[in-house]
Amino acid sequence: MTWEYQSETWMFYGLSDLYYSFHTSEEWVFDYHCSFFAVTALEKYLKSRLIYSRKDLDPDATEPEIESKFLLYAKRYSHKFEEMIHEAESLLGGERLSSILDRSHDGYIGRELVAVLKDAYMETRYPTSQFVSQAFPLGDNVYHNPLSSSGLLHFVQAMCRELTYGLAGNISVPKVYENVEKTYSHLEPFSRFRNLYTPELWSKSP
């Protein structure tokens with residue numbers, strides 16, 4: 001039980017959620033399912049990166065200590081996406097995430113999407129009277145809805161891609177990809193997913 005292992009585990013679940021999001025995106029009736037899994041995918045990728053940083057903060061932690069700490073550490077961030085992204089950006093260095101936050105994703109600026117990610121999580125999971133679309137007015141009582149747009153998924157994919165590259169060489173990214181592929185490769189949409197999302201990181205075999 002190491003910080004690397006925990007980081008790989010969170011990335012595995014994040015990559016799985018990213019695939020679920022892609023899978024459900026193929027039918028418009030599942031648009032909220034697509035958005036829900038996209039949001040949870042980004043959360044898990046961010047926590048994968050932040051958990052790995054504990055290796056430097058607790059270099060002498062024993063395996064039992066790591067096992068008792070990592071969930072508490074992950075839970076501390078809850079759904080605080082802006083805080084997680086800020087810390088991940090400082091760990092990655094440069095402006096790798098900022099460039100994604102500042103550009104448009106099918107009409108939605110990345111920073112606008114980050115501001116509503118927590119609300120998006122709530123709206124796609126629970127009954128609510130607060131709707132994400134209210135932050136994107138188009139006119140009188142008319143709104144854009146990123147939860148029914150490809151923009152949110154494309155934004156999350158871009159963020160997860162950079163977080164993956166930022167961990168490559170520190171954790172076993174190939175092992176994470178191999179385990180996801182073993183789990184879902186029998187599903188017909190999976191081949192399209194691997195061709196579109198970081199195709200260079202999957203195994204060479206079809």
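Model label points for residue 26 and residue 79, set 7 angstrom from Cα along the Cα-to-Cβ axis, are 2.8 nm apart. Axis angle, to the nearest 10 degrees, between helix 81-92 and the longest C-alpha principal axis of the chain: 50 degrees. As a quick test, which of the pairs 118/175; 55/118; 47/69; 80/182; 47/118 have an alpha carbon distance above 24 angstrom in this structure? Those over the limit are 118/175; 55/118; 80/182. Of the residues 201, 70, 139, the one whose Cα sits farthest toward the positive end of the charge dipole of the chain, with +1 on the Cβ of Lys and Arg and -1 on the Cβ of Asp and Glu, is 201. Among 136, 22, 36, the largest mean-square fluctuation in a Gaussian network model of the chain (Cα springs under 10 Å) belongs to 136.
Over the chain, the alpha carbon radius of gyration divided by the compact-protein estimate 2.2 N^0.38 Å works out to 1.03. The label point for residue 182 and the one for residue 58, both projected 7 Å from the Cα toward the Cβ, are 2.7 nm apart.
Per residue, how large is the accessible surface of the chain? Use a 1.4 angstrom probe and give square angstrom. Please list the in-between numbers first.
Values: 10520 Å² over 206 residues.
Ligands and nucleic acids excluded, the result is 51 Å² per residue.
Computed extension gain for residue 103 through residue 133, at 0.36 nm per residue and net of the alpha carbon distance, reaches 8.9 nm. Restricting everything to alpha-carbon atoms, can you work out Rg to Rh for segment 114-206 with a Kirkwood hydrodynamic radius? Rounded to two decimals, Rg/Rh equals 1.09.
In a shell of Cβ-Cβ distance under 14 Å around residue 146, excluding residue 146 itself, what net charge do Lys and Arg (+1) and Asp and Glu (-1) give?
Values: positive: 111, 118; negative: 31, 106, 112, 119, 123.
For residues surrounding residue 146, the net value is -3.
The dipole here belongs to the chain: it is taken about the Cα centre, uses +1 on the Cβ of Lys and Arg and -1 on the Cβ of Asp and Glu, and is about 180 debye.
For residue 69 and residue 195, the difference between the fully extended length at 0.36 nm per residue and the C-alpha to C-alpha distance is 41.7 nm.
The charge dipole of segment 1-46, taken about the Cα centre with unit charges on the Cβ atoms of Lys, Arg (+1) and Asp, Glu (-1), comes to about 100 debye, rounded to the nearest 20.
Please work out the ratio of the alpha-carbon Rg of segment 17-136 to 2.2 N^0.38 Å and round it to two decimals.
1.19
Could you give the length gained by full extension between residue 2 and residue 96, i.e. 0.36 nm per residue of separation minus their alpha carbon distance, to one decimal place? Walk me through the intermediate numbers first.
Details: separation 94, 0.36 × 94 = 33.84 nm, distance 2.67 nm.
Difference between extended and current length: 31.2 nm.
Whole-percent P(r), segment 2-81, all Cα pairs, 10 Å bins from 0: 20, 42, 24, 11, 3.
Split the accessible area of segment 144-202 by element, probe 1.4 Å, and carbon with sulfur accounts for 52%.
The values are calculated or read from the model by the stated rules, or taken from the named source; none is laboratory data. Being a predicted model, the structure only gives us computed values, none of them experimental. Virtual Cβ from ideal backbone geometry, glycine too; neighbours counted across all protein chains shown. SASA here: full protein model, heavy atoms, side chains in, ligands and nucleic acids out. Shrake-Rupley method; radii C 1.70, N 1.55, O 1.52, S 1.80 Å.
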